[in-house]
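Report on one structure; see the data block that follows.
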Amino acid sequence: MQELVEKLEGQRRSVLFWFVVTFAVWQLGTLGQEMLGTGAHRWLVRAIGGVTVVGAIGWIICLLRLQLFARRLRANPRAAHAVLDERFQNLRRHSFVAGYWALLGYLVVAAIVSWFLQAPAEAVVTGGILVAVVAPLISILWQDRGDADA
């Protein structure tokens, strides 16, 4: 049973890690397209578009991996209880708090920068979405990594 729990915890960390990577690639590509607009070189716009597509496809694959992971948890309720224990629920709570503060920090910086530079509204919103999704995931991975190493 312990071996199964350790395997599932490793899979959970892997899924969360790839969620961060693929979502960041997807949204950074989108952000690049919004910042460059149509005035950039055609090859650069195509390259950034390709990065965006790769990130979006990776994100979809991660969603499928998450569904498979959830199915594995449902197949073994005792292992699911061990994987989603009180420690992980506490990590999740702390991660949402970290995400809130990261998003608040992003909004403050965006407001200050807006006094000096004008950015497209879509870019500011995309950046906010990026921070809101990635910050809690990075926080949970960081905290979980520390517990796994101990």
Using a/c under 1.5 as the rounded threshold, could you call segment 48-112 rounded, prolate or oblate? The axes a ≥ b ≥ c are square roots of the C-alpha gyration tensor eigenvalues, and prolate needs a/b larger than b/c, oblate otherwise.
-> oblate
Out of V54, A111, I138 - ranked by how far each Cα lies towards the positive end of the dipole of the chain, with unit charges on the beta-carbon of charged residues - the top one is V54
At what distance in nm do the modelled label points of N90 and V109 sit from each other, each positioned 7 Å from its Cα along Cα→Cβ?
-> 3.0 nm
At what distance in angstrom do the alpha carbon centres of segment 1-78 and segment 83-129 lie from each other?
-> 18 Å
For segment 2-149, size of Cβ-based charge dipole, Lys and Arg +1, Asp and Glu -1, in debye | 420 debye
Per residue of the chain, what 222 nm ellipticity follows from adding -39500 (n - 2.57) for every DSSP H run with n ≥ 4, rounded to the nearest 500?
-> -32000 deg cm²/dmol
Three-way shape call for segment 2-149 based on the alpha-carbon gyration tensor, with the a/c threshold at 1.5 | oblate
For A121 and V53, calculate 0.36 nm times their separation in residues minus their Cα-Cα distance, and state this gained length in nm to one decimal.
-> 22.3 nm
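Since every read-out is calculated from the coordinates, none of them should be taken as a lab result. Please read these numbers as outputs of a predicted model, since none were measured by experiment. So basically every Cβ, Gly included, is an ideal-geometry build from the backbone, and we count neighbours across all protein chains shown.
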